[in-house]
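The numbers here are math on the coordinates, done by the rules we state, and not lab data. Keep in mind it's a predicted model, so treat the numbers as computed, not measured. Glycine gets a Cβ as well: all are built from the backbone with ideal geometry, and neighbour counts include every protein chain shown.
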Amino acid sequence: MNRTKQKIWIFSEVFYPDQTSTGYILTEIAKGLVDDYDVNVITESGNSYGIYATGKDELLGIQVYRFNNFKLDKNSLFQRVIKLIGISFKFLAFFLKNVSKNDKVIIVTNPALGLLGFSLLNEFKRAKIVLIVHDVFPENLVAGGILKDGFFYRFLKKSFDKAYASFNFITVLGRDMQSVVISKIKSASKIEIVENWGQVEELKQIESEKFNMFKDDRISFVFAGNLGRLQNLETLINYFGQLKDKITLSLIGDGAVKKDLEKIIAENDFSNIKILGALPREEQIHFINSFDVSIISLSEKMYGLGVPSKTYNILACGKPILYIGPKDSEVDLLIRSHKIGWTLNSFDQLPRMLTTISKDSVSKIDRKMIRRLAEDQYSFNNFIGKMKNILENV
């Protein structure tokens, strides 16, 4: 006799076919839960402009409810805010109408405004809500220079701290984020570290030169991901550009500072730096393996506010990492404990570090060990096992 599966609702601004970081992660979570739950995803379609409409489709047994939302420029802060307000209200209206007491609900930290609404509405809905923290709001606004530490920030922080504390369970991406969220809700009992995973089945440790435009004896570095304001990429390319004879740098992705970076490269004739633009997710096996070292960088203000998911795909390819970011952040701890690359806690230390990295020092890092680390600790099976355990006990 087949038992009726318990309903689970997943609210995410982005979902398949959007394969950006959050879209990919939430799609895989839904697929990983569909054998055990009646999985329902509420998302936006992104296909129409200014029209309120709903649609329903099915993906591998997942019921997907799509809202049309404003089609606006995500790199414009004002337009982004309008877009987030729109999808937040649509999410909350759906939650109010469709979610029942004790239904299990997964939400993520975008759209941030929705967190306040879910917290308030759940006072009488009494669903079991699991919050997956990808970004810590509003602290990330101060780190990004969008908001100053003043009265309005303190008001926002108090409101969001109360919202975070109201949810039944919270997952975080690393040890530093765990400490930050504990300080927000004044409790550790309902927080668990659930790291993202590497695509160990799809990504291999291979030799590839497909995207290395230089193909010479210099040490080749790659930065792949969002070309945004929190990565200090202007500083990065200025330091790399001064070492044309020793190293090369390729940047793969798109984002708010892409045009600024292109201007710096052109004005300074940094011939050892190339911006290759955005590439499909399925090309990762080549654009990670084409280079000697992968770079992960974060603003020094980003301690505990995010863990780049690309970290685990770099591990899956068995590549060493050069990390520039806050001391004792998750990536910093990971690299130092397993000796799989180099860590810096300030961009001021980068010029000296770049002169010490050689082909010989790169070759001495055990790539097979890095790959095993991804397989043993950062696989999707590990991730979804933790999520299922949390949902079962929430």
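What are the lysines whose alpha-carbon lies under 16 Å from the alpha-carbon of LYS327, with same-chain residues fewer than 8 places away excluded?
By straight Cα distance, LYS327 reaches LYS301, LYS339.
Spin-label point model (7 Å from Cα, Cβ direction): what's the GLN349 to GLU58 distance in nm?
Result: 5.5 nm between the two label points.
Of PHE137, PHE155, PHE11, which has the largest mean-square fluctuation in a 10 Å C-alpha GNM of the chain?
Residue with maximal mean-square fluctuation among PHE137, PHE155, PHE11: PHE155.
Cα centroids of segment 81-130 and segment 311-389: how far apart, whole angstrom?
For segment 81-130 versus segment 311-389, the Cα centre distance is 35 Å.
Helix 175-185 versus the longest principal axis of the chain: what angle, 0 to 90°, nearest 10, using Cα atoms?
That works out to roughly 40 degrees.
Any chance you could get the radius of gyration and Dmax over the Cα atoms of segment 219-377, in Å?
So, for segment 219-377, Rg and Dmax equal 14.6, 46 Å respectively.
Starting from the Kirkwood radius over alpha-carbon pairs of segment 290-331, derive D by Stokes-Einstein at 10 °C in a medium of 1.306 mPa s and give it in µm² s⁻¹. Intermediate results must be reported in sequence, preceding the final value.
Numbers: Rh = 10.8 Å.
Answer, rounded: 147 µm²/s.
Could you state the angle between the C-alpha long axis of helix 21-33 and the longest principal axis of the C-alpha atoms of the chain, as a value from 0 to 90 degrees rounded to the nearest 10?
Once rounded, one gets 50 degrees.
Say we join alpha carbon atoms closer than 10 Å with springs in a Gaussian network model of the chain; which of LYS327, LYS301, LYS364 then has the biggest fluctuation?
Comparing LYS327, LYS301, LYS364 in the GNM, the peak value goes to LYS364.
Divide, for segment 335-394, the radius of gyration over alpha carbons by 2.2 N^0.38 Å, where N is the residue count. Don't jump to the answer; show the numbers that get you there.
Details: Rg = 17.3 Å, N = 60, 2.2 N^0.38 = 10.4 Å.
Compared with the compact-globule rule of thumb, segment 335-394 sits at 1.66.
For the chain, what are Rg and Dmax over the alpha carbons, in angstrom?
Rg and Dmax of the chain, Cα atoms, are 21.4, 71 Å.
Could you tell me which of GLN231, TYR65, MET302 has its Cα farthest along the dipole of the chain towards the positive end, charges placed at Cβ (Lys, Arg +1; Asp, Glu -1), taken about the Cα centre?
Farthest along the dipole direction, towards plus: TYR65.
Tell me the angle of helix 151-166 to the major Cα principal axis of the chain, expressed in degrees between 0 and 90 and rounded to the nearest ten.
Here the helix axis deviates by roughly 60 degrees.
Largest first and in whole Å, what are the equivalent-ellipsoid semi-axes of segment 177-296 based on the Cα gyration tensor, each being the root of 5 times an eigenvalue? Before the final figure, lay out the partial values.
Numbers: eigenvalues 194, 83, 31 Å².
Each semi-axis is √(5λ); the values are 31, 20, 12 Å.
Using the Cα centre of the chain as origin and beta-carbon charges of +1 (Lys, Arg) and -1 (Asp, Glu), tell me which of GLY145, ILE335, SER271 is placed farthest towards the positive end of the dipole.
GLY145
Using the Kirkwood formula over every pair of different C-alpha atoms, what hydrodynamic radius in Å results for segment 83-125? Please list the in-between numbers first.
Details: mean 1/r = 0.0950 Å⁻¹.
Kirkwood radius, segment 83-125: 10.5 Å.
Provide Rg over Rh for segment 318-368; use the alpha carbon set for both Rg and the Kirkwood Rh (inverse mean inverse pair distance). Don't skip to the answer; put the middle values down first.
Details: Rg = 10.9 Å, Rh = 11.4 Å.
My calculation puts Rg/Rh at 0.96.
Please give, to one decimal in nm, the separation of the simple spin-label points placed at GLU267 and VAL180, each 7 Å out from Cα toward the Cβ.
So the two model labels end up 3.1 nm from each other.
Within segment 194-235, which residues have the backbone N less than 20 Å from the label spot 7 Å out from LYS359 along Cα→beta-carbon, could you tell me?
206-222
So what's the back-of-envelope 222 nm ellipticity for the chain, counting only DSSP H runs of four-plus at -39500 (n - 2.57) apiece and dividing by all residues, rounded to 500? List each step's numbers first, then the result.
Working: 15 runs with 160 residues, N = 394.
It lands at -12000 deg cm²/dmol.
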